[in-house]
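Asker: Dropping a structure here in structure tokens format, bear with me for questions.
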Amino acid sequence: MSSLVIVQQVAIAAKGGIEAVVAAMGAHESIEEVQEQGCGALRNLSLNEDNEMAIAAKGGIGAVVRAMRAHRSSVGVQEQGCSFLHNIAWSDSGLRSQVIPLLLGWDYGGTAQ
């Protein structure tokens, strides 16, 4: 990844971009295009490890999982969401323990939601 892309990802996060994406996804849960674009934006931002932690702290993992559940037949939402979850689950940030329970429908304590 180029250093320019990294700088842009950090700048977007610093200017409230993560919060804006998560808020838009929450406000427009029934609109497939908003969910697809939101998942894609979080996917792109999650390529930066510092952003991964911020995305998790600001509810981004849950927003993506909710979008994927709400739009099960949307190829775009599923592709973007899976790519985001792949970035989060396979990075070195230690967020795998948050992703897997959400995908299985558990809360963080291991009980069914």
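The values are calculated or read from the model by the stated rules, or taken from the named source; none is laboratory data. What you see is a predicted model; the values in this text were computed from it and never measured. Virtual Cβ from ideal backbone geometry, glycine too; neighbours counted across all protein chains shown.
Asker: How many residues, within region 47-59, are crowded, with 18+ Cβ neighbours inside 10 Å, at pLDDT below 95 and not hydrophobic (A, V, I, L, M, F, W, C)?
Answerer: 3
Asker: Let me ask something else about it. Within region 60-76, restricting attention to residues that are within 11 Å of the chain's Cα centre (by Cα) and among the aliphatic types (A, V, I, L, M), which residue is surrounded by the most Cβ atoms within 10 Å (Cβ to Cβ)?
Answerer: Within region 60-76, the subset within 11 Å of the chain's Cα centre (by Cα) is 60-68.
Still in the running and among the aliphatic types (A, V, I, L, M): 61, 63-65, 67-68.
Details: Ile61: 24, Ala63: 24, Val64: 30, Val65: 20, Ala67: 26, Met68: 21.
Per the stated criteria, the residue is Val64.
Asker: Moving on. Considering Ile18, Ile31, Ile6, which residue is crowded, with 18+ Cβ neighbours inside 10 Å and either more than 13 Å from the chain's Cα centre (by Cα) or of a type in the set (A, V, I, L, M) (or both)?
Answerer: Ile18
Asker: From (1) touching a Leu at 6+ places or on another chain (Cβ under 6 Å); (2) at pLDDT 95 or above; (3) not charged (D, E, K, R), pick out the condition that doesn't hold for Val75.
Answerer: (1)
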